[in-house]
Every structure is written in structure tokens, then in C-alpha cells.
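Visitor: One structure, as C-alpha cells, below. Some questions next.
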Amino acid sequence: LVSFVKEFGHARVPIKFRQNPSLEIWVKSQRQSYKDCLKDDSLSNMTEERIQLLNSVGFEWDCRKNISWDRLYEELTSFVEEFGHA
């Protein structure tokens with residue numbers, strides 16, 4: 001995830017990230033573990049230390065929340081700069 005943040009400038013790993021499916025799965029797992037932790041699920045492996053580490057790189061716990069137009073435009077321009085197309 002830290003490498004992803006260095007490369008893309010954010011921690012919003014796409015739901016379908018073909019470049020690194022393992023990261024995609026790991027991120028999904030972290031979100032689920034966090035939800036379980038909030039429900040006081042004893043099977044959750046999420047700890048306060050992990051939460052702080054993920055927060056420190058700008059991890060977004062809810063990928064479904066409303067994202068502003070400006071933010072999406074910024075992501076699009078970054079993508080075009082990197083890949084040369086939209």
C-alpha cells in the first residue's frame with residue numbers, strides 16, 4: 001500500500017486493480033476487518049496500531065462514500081499523465 005501511495009499520490013486502491021490483484025484483495029480485507037472491529041467482533045484481526053498505520057497513509061475505510069467532482073477530476077488527470085489516455 002505504501003508503494004501504491006508513493007506511485008499514485010493517494011491510498012484509494014481501485015476495487016478492480018488489475019496491476020496488483022493481491023493489493024486489491026488485501027485492501028478489501030482491511031476494510032472488512034475494520035468493520036468487524038467496529039462491531040466488536042472478536043474474530044477481527046484489526047488493531048489500533050494497524051488503524052493508525054493505515055490512517056497515516058490516508059487509507060479510506062469506506063470506498064463507497066461520495067467523492068467530489070474535483071477529486072475525481074484530479075484522479076483522472078493523474079491517470080492521463082501516467083498512462084497517456086483516459
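The values are calculated or read from the model by the stated rules, or taken from the named source; none is laboratory data. Just so we're clear, the structure is a prediction, and the values are computed from it rather than from any experiment. A quick note on method: Cβ atoms are made from the backbone with ideal geometry, for glycine too, and the neighbour counts reach across all protein chains shown. We work out accessible area using only protein heavy atoms, side chains counted, and drop any ligands, DNA or RNA first. Shrake-Rupley method; radii C 1.70, N 1.55, O 1.52, S 1.80 Å.
Visitor: Condition test on Leu53, is it loosely packed, with under 15 Cβ neighbours inside 10 Å, of a type outside the set (Ser, Thr, Tyr) and in a helix (DSSP H, G or I)?
Guide: In short, yes.
Visitor: Oh, and also: Under the condition of being surrounded by 10 or more Cβ atoms within 10 Å (Cβ to Cβ) and out of contact with any Phe, Trp or Tyr (no Cβ under 6 Å at 6 or more places or on another chain), which residue from region 39-49 is nearest to Glu60 (Cα to Cα)?
Guide: Ranking the candidates gives Thr47 first.
Visitor: Here are some conditions: (1) under 15 Å from the mean Cα position of the chain (by Cα); (2) surrounded by fewer than 13 Cβ atoms within 10 Å (Cβ to Cβ); (3) within 20 Å of Lys16 (Cβ to Cβ). Cys63 meets all but one. Which one does it not meet?
Guide: Cys63 satisfies every listed condition except (2).
Visitor: All but one of (1) assigned to a helix (DSSP H, G or I); (2) acidic (Asp, Glu); (3) open to solvent by less than 40 Å² (accessible area, probe 1.4 Å); (4) within 25 Å of Phe83 (Cα to Cα) hold for Asp36, so report the exception by its number.
Guide: So Asp36 meets the others, but not (4).
Visitor: Let me ask something additional. Of the residues Glu81, Glu24, Glu60, which is of a type in the set (Asp, Glu) and touching a residue at least 24 places away in the same chain (Cβ under 8 Å)?
Guide: Glu60
Visitor: Applying the selection to region 66-86, what residues are part of a helix (DSSP H, G or I) and either of a type in the set (Lys, Arg) or open to solvent by 90 Å² or more (accessible area, probe 1.4 Å) (or both)?
Guide: Within region 66-86, Trp69, Asp70, Arg71, Tyr73, Glu74, Glu81 meet the criteria.
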